[in-house]
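See structure below.
Values in this text are rule-based calculations from the coordinates and carry no lab data. Worth saying up front: this structure is predicted, and the values here are computed from it rather than measured. So basically every Cβ, Gly included, is an ideal-geometry build from the backbone, and we count neighbours across all protein chains shown.
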Amino acid sequence: MTELTELQQKIHDLLPEIELSFQEPMSKHTSFRIGGGAEVMAFPKSREELAKLLKLSTLLDCKIAILGAGTNVLAPDEGIEGLVICLKDCLDGMEQLDETRIRVMAGVTMSRAAVFAANLGLSGMEFAHGIPGSVGGGIYMNAGAYGGELCQICEQVEVMDRAGNLRWMTNEEMQFSYRHSILEETGDIVICADFCLTKGNTEEIRARMKELIGKRSASQPLDLPSAGSAFKRPVGGYAAALIDGAGLKGYQVGGAAISSKHAGFAVNIGGATAADVKKLLQEVSDKVYENSGIRIEPEVRIW
Ligand SMILES: Cc1cc2nc3c(=O)[nH]c(=O)nc-3n(C[C@H](O)[C@H](O)[C@H](O)COP(=O)(O)OP(=O)(O)OC[C@H]3O[C@@H](n4cnc5c(N)ncnc54)[C@H](O)[C@@H]3O)c2cc1C
């Protein structure tokens, strides 16, 4: 075994109860299947474990990054120095609070949360069923699809600051906007969220979810690794239409390409590196600008 770095040794010695992995390939934890090793990846199972990790990272003055399901992240080829805290499947659990409200932990996938709501006969989360991320990642960036956005159903969010302190934030305090919340500025971490839904019919809710999944698989390149829509929707247009209009369907840089099925998706067609994807996104943004005068910006979080 290779020698541990000072940081790996210290975290290992000081937090023996927490599940850790060293030089963990980010490609195993991102839907793009791209990214080098994380110096330390930690999998906290509770708020308490997460708080311990945050306090230790402050003490050791090490960089931290929060990872959900990794479906909106482009991780660097050279790997990540410091600590990556992976919350998917770690902060786990869902409960019904009353007739119309549910509480979902940040590590639960949006798909599982939508099925949970459907089984309770609660409507409003159908749009989120096909979004492959975690509830934490979804809240962080106000995920949405088919006219729905998490901000429309999210009542309040429990967050932890980087010192390990917990508090609840109202929907208003979250300052949600298109693919954005205040957490991008504060760096606070989603622990769980309460969703306010409406009473509905389970069979109808399931049918709607099935219909939306059908639409996705008909139009999106779900057979190839990607991070979903590569670009945000610009003012005055749709990124996919602008990319298509610039004749860029199938445009390729190394192992990364604009999907020929859906121009809004950048896909890993085999062996793509983060450098390939970044170059592809830059070139596509430039060409779209030349063609339409509209600048498109990446939606995927480039680490
Ligand atoms: C095939 C495909 C289809 C997609 N379709 C859609 C779609 O229709 N609509 C849509 O909005 N998105 C879509 N996405 C993108 C993605 O699923 C969403 O952006 C999702 O919300 C990301 O969640 P995640 O858990 O994967 O977050 P990650 O990718 O793990 O992280 C994204 C960002 O959120 C932060 N983060 C993650 N968890 C937390 C937390 N608990 N607290 C604070 N910050 C956190 C991370 O630090 C990072 O900056 C799609 C992706 C794919 C691959």
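Summary of computed values
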read-out	value
The chain: DSSP helices with Cα axial extent of at least 18 Å and average Kyte-Doolittle hydropathy no lower than 0.0	47-60
Region 1-72 and region 111-160: distance between their alpha carbon centers, rounded to Å	26
For the chain, calculated [θ]222 nm from helices alone, where every DSSP H run of n ≥ 4 adds -39500 (n - 2.57)	-8500 deg cm²/dmol
The chain: most fluctuating residue of Gly36, Gly254, Gly138 per GNM, C-alpha cutoff 10 Å	Gly254
Shape call, the chain: gyration tensor on alpha carbons, a/c limit 1.5	oblate
Ranking of His129, His262 by count of other Cβ atoms within 10 Å, fewest first	His262, His129
Gain in span if fully extended, Glu48 to Glu19, counting 0.36 nm per residue against the direct Cα distance	9.1 nm
GNM flexibility winner over the chain from Thr30, Thr198, Thr71 (Cα, springs under 10 Å)	Thr198
